[in-house]
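In what follows, a structure is listed as structure tokens, so that the remarks can point back to it.
The values are calculated or read from the model by the stated rules, or taken from the named source; none is laboratory data. Not measured: the values here are computed from a predicted model. Cβ placement follows ideal geometry from the backbone for every residue including glycine, while neighbour counts extend to all protein chains displayed. Note: accessible area is taken over every heavy atom of the protein model, side chains too, but ligands, DNA and RNA are not part of it. Shrake-Rupley method; radii C 1.70, N 1.55, O 1.52, S 1.80 Å.
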Amino acid sequence: FLGHHDLLLVYLHTSDSYASISSFTNAIAIDPNNSGTYYPRVLAPDYLGPNSLSIEDYTRILALDPTEPYSFSARGRLYIDQGREEEGRADLRTAVEIPAYDANTFYNRALAFADLEEYENAIADLSASIALYPFDPDSFEVRGDVYWEIEDYDAAIADYRQYEKLTGRLRGHMQERINSQERSFKFEPLLILIFIAVTIFNMYWRFGRRK
């Protein structure tokens, strides 16, 4: 399997989709009872575009290992994308009910909470993941995105800055959001002055004219 896995990485980086899927399938044929052999093929759409095998592969993974929330949440999102809302939400609900004891499980469960729009639970799981392993930039990115969703912009930007410390860069959406907040901060003093001026004018207009 390792030989095939090395080939998969090469194929992904060269975007040779036919060779990639073929090598993924060969790896699965060699070791079909190992859930790990399915992940390269099921993750191929991230690099190569849609893959009709994705739901089928996640189903096989879950038959072999029903304790990993990532596969439930990923299959759930695929179901929802296909308009199978009830099945999708059922998978997401199963994902968040899996007990979490390690950083990876907390992180993957948080993704399902976020998809269910249960943002406080997502933040709690991401915070637990970060407490167990504070060197994973993805946890800070996702938690920052969730904070932004609930309009806690200061917390979101703090997480984006932590992501930047760990990776040396910001993703595009992070930079755009930070820039938008900095622009709003620049305008706040001006808006306060305008408000004061308008208030004084209104007071003069109402009371000054009576004299």
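Mind checking which residues of region 126-177 are touching a Phe, Trp or Tyr at 6+ places or on another chain (Cβ under 6 Å) and hydrophobic (A, V, I, L, M, F, W, C)?
Ala128, Phe140, Val146, Ile150, Ala155, Ala156, Met174
Pick out, from region 1-98, the helices (runs of 4 or more DSSP H) lying fully within it that include 3 or more residues that are under 19 Å from the mean Cα position of the chain (by Cα), at pLDDT 55 or above and not aromatic (Phe, Trp, Tyr). Walk me through it before giving the result.
Numbers: elements: 2-14, 17-30, 39-42, 45-48, 54-64, 69-81, 85-97.
Output list reads 69-81, 85-97.
Looking at region 56-67, I want the residues that are open to solvent by less than 60 Å² (accessible area, probe 1.4 Å) and have a partner that is part of a helix (DSSP H, G or I) and of a type in the set (Lys, Arg) with Cβ atoms under 6 Å, at least 6 apart or on another chain. Which pairs are those?
Sorted first by the residue in region 56-67, then by its partner, the pairs are Asp57/Arg41; Tyr58/Arg75.
Report, ordered by the first and then the second residue, all pairs with beta carbons closer than 9 Å, sequence separation of six or more or different chains, a first member in region 133-147 that is at negative phi, and a second member that is acidic (Asp, Glu) and assigned to a loop (DSSP other than H, G, I, E, B).
The qualifying pairs are Tyr133/Asp102; Val146/Asp152.
Quick check on Ala100: is it within 21 Å of Asp145 (Cβ to Cβ) and not hydroxyl-bearing (Ser, Thr, Tyr)? Full working, then the answer.
On the way: within 21 Å of Asp145 (Cβ to Cβ): yes; not hydroxyl-bearing (Ser, Thr, Tyr): yes.
Against the criterion (within 21 Å of Asp145 (Cβ to Cβ) and not hydroxyl-bearing (Ser, Thr, Tyr)), Ala100 qualifies.
Please enumerate the residues belonging to region 95-109 that are crowded, with 18+ Cβ neighbours inside 10 Å, more than 21 Å from Glu164 (Cα to Cα) and not aromatic (Phe, Trp, Tyr). Explain how you work it out, then say what you get.
Of the residues in region 95-109, the ones crowded, with 18+ Cβ neighbours inside 10 Å are 95-96, 100, 103, 105-109.
Okay, now just the ones that are also more than 21 Å from Glu164 (Cα to Cα), so 95-96, 100, 105-106, 108-109.
The answer is Ala95, Val96, Ala100, Thr105, Asn108, Arg109.
Does region 138-156 hold any residues that are open to solvent by 30 Å² or more (accessible area, probe 1.4 Å) and assigned to a helix (DSSP H, G or I), and which are they?
Initially, region 138-156 is screened for residues open to solvent by 30 Å² or more (accessible area, probe 1.4 Å), giving 138, 143, 145, 147-154.
Once the filter is applied, which keeps residues that are open to solvent by 30 Å² or more (accessible area, probe 1.4 Å) and assigned to a helix (DSSP H, G or I), region 138-156 yields Asp138, Arg143, Asp145, Tyr147, Trp148, Glu149, Tyr153, Asp154.
So which residues in region 162-177 are exposed (fewer than 15 other Cβ atoms within 10 Å of the Cβ) and either in contact with a helix residue (DSSP H, G or I) (Cβ under 6 Å, 6 or more places away or on another chain) or in a helix (DSSP H, G or I) (or both)? Before the answer, list the steps.
The initial filter retains those residues of region 162-177 that are exposed (fewer than 15 other Cβ atoms within 10 Å of the Cβ), namely 165, 167-169, 172-173, 175-176.
Correct list: Lys165, Thr167, Gly172, His173, Gln175, Glu176.
Which pairs have Cβ atoms under 8 Å, sit 6 or more apart or on different chains, and link a residue in region 103-126 that is over 21 Å from Pro66 (Cα atoms) to one that is among the hydroxyl-bearing types (Ser, Thr, Tyr)?
So the pair list comes out as Ile123/Tyr147; Leu126/Tyr107; Leu126/Ser139.
Regarding region 123-131, can at least one residue be identified that is within 29 Å of Pro32 (Cβ to Cβ) and among the charged types (D, E, K, R)?
Taking region 123-131 and keeping what is within 29 Å of Pro32 (Cβ to Cβ), we get none.
The answer is no; no qualifying residue exists.
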